[in-house]
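One structure is given here, and the rest of the page talks about it.
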Amino acid sequence: MRSHLFLLVLFAMFVSLVFAVIARDNAREQIKLGGLMFAGFLASAIVLSWLMYPFPL
Amino acid sequence: MRATAADETQSGALVLLCVAAWAIPGAGHLWLGRRNKGLVFLIALPLMFAIGLALRGRLFPFDLSDPLVALAALADFGIGLTYFIAAGLGYGAGDVRAVTYEYGNAFLIVAGLLNVLVVIDAYDVALGRK
């Protein structure tokens, strides 16, 4: 479990799951909101990582 | 205006509900009959916390001289009994040399904070706001 991407996906999955279950009562809406949040987490992480790419540490 | 016995009983039950919901993730929702939600929280939050420990994250001590450490400890504490079980079994020492140390901390802290949100949600459900 040392892959950054795998841990990022795992983290996004847990957070999206809990937020979706808290925010919606209907299973279909929970899946929709959870999927959107999960995709948003992944997309924003990948976009941010590419934006940081030109800046060396 | 004095509180009636019924009001006091209700507020006592609410406090008990919140303590149960904090101590065991999902217990508040299970108590209120929201079985599916309760089961999701009961599985997901301790699992997230356990992954944080497996990634060699640290259970931060309540060190008020370092405000960020104290805040992290407060967030860790949000997971309830799981925190004490893990600490009692000797987990959560943290290994700052591990590549996954910061990831572990993120999992531990966020699991605790999510459980606090779950407690607030259970409180809202109990009051009939949801």
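Values in this text are rule-based calculations from the coordinates and carry no lab data. Note that the structure is predicted; figures quoted are calculated from it, not measured. All Cβ positions, even for glycine, are placed from backbone atoms using ideal geometry, and neighbour counts span all protein chains on display.
So for segment B:58-73 (the condition being within 14 Å of another protein chain (Cβ to nearest Cβ) and closer than 22 Å to A:PHE14 by Cβ), does at least one residue qualify? Scanning segment B:58-73 turns up no residue that is within 14 Å of another protein chain (Cβ to nearest Cβ) and closer than 22 Å to A:PHE14 by Cβ.
Does B:GLY94 satisfy being within 17 Å of A:MET1 (Cα to Cα), more than 14 Å from chain A (Cβ to nearest Cβ) and not acidic (Asp, Glu)? So B:GLY94 fits the description; yes. Considering only residues in segment B:41-68 that are more than 17 Å from the chain's Cα centre (by Cα) and of a type in the set (A, V, I, L, M, F, W, C), the one that is surrounded by the most Cβ atoms within 10 Å (Cβ to Cβ) turns out to be B:LEU55. Out of B:GLY90, B:GLY38, one residue alone is of a type in the set (Gly, Ala, Ser), free of Cβ contacts under 8 Å to residues at least 12 places away in the same chain and either assigned to a helix (DSSP H, G or I) or surrounded by fewer than 16 Cβ atoms within 10 Å (Cβ to Cβ) (or both). It is B:GLY90.
When segment A:15-45 is filtered for residues that are assigned to a helix (DSSP H, G or I) and either of a type in the set (S, T, N, Q) or at the interface with chain B (Cβ under 10 Å from one of its Cβ atoms) (or both), the ones remaining, listed by number, are A:VAL15, A:SER16, A:LEU17, A:VAL18, A:PHE19, A:ALA20, A:VAL21, A:ILE22, A:ALA23, A:ALA27, A:GLN30, A:SER44. Residues that are touching a Phe, Trp or Tyr at 6+ places or on another chain (Cβ under 7 Å) and assigned to a loop (DSSP other than H, G, I, E, B) were ranked within segment B:93-116; the one that is surrounded by the fewest Cβ atoms within 10 Å (Cβ to Cβ) is B:ASP95.
Here B:ALA126 does not fit the description of being more than 10 Å from chain A (Cβ to nearest Cβ), free of Cβ contacts under 8 Å to residues at least 24 places away in the same chain and surrounded by 14 or more Cβ atoms within 10 Å (Cβ to Cβ). Could we say that A:ALA12 is within 12 Å of another protein chain (Cβ to nearest Cβ) and either in a helix (DSSP H, G or I) or in contact with a Lys or Arg (Cβ under 7 Å, 6 or more places away or on another chain) (or both) here? Yes, satisfied. When segment B:68-105 is filtered for residues that are in contact with a strand residue (DSSP E or B) (Cβ under 9 Å, 6 or more places away or on another chain) and of a type outside the set (Asp, Glu), the ones remaining, listed by number, are B:ALA72, B:GLY92, B:ALA93, B:GLY94, B:VAL96, B:TYR101, B:GLY104, B:ASN105.
Yes or no, residue by residue, for (1) in contact with a His (Cβ under 9 Å, 6 or more places away or on another chain); (2) among the aromatic types (Phe, Trp, Tyr); (3) surrounded by 12 or more Cβ atoms within 10 Å (Cβ to Cβ):
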site: A:LEU10; (1), (2), (3): no, no, yes
site: A:ALA20; (1), (2), (3): no, no, yes
site: A:ILE31; (1), (2), (3): no, no, yes
site: A:GLY35; (1), (2), (3): no, no, yes
site: A:ALA39; (1), (2), (3): no, no, yes
site: A:SER44; (1), (2), (3): no, no, no
site: A:VAL47; (1), (2), (3): no, no, no
site: A:TRP50; (1), (2), (3): no, yes, no
site: A:PHE55; (1), (2), (3): no, yes, no
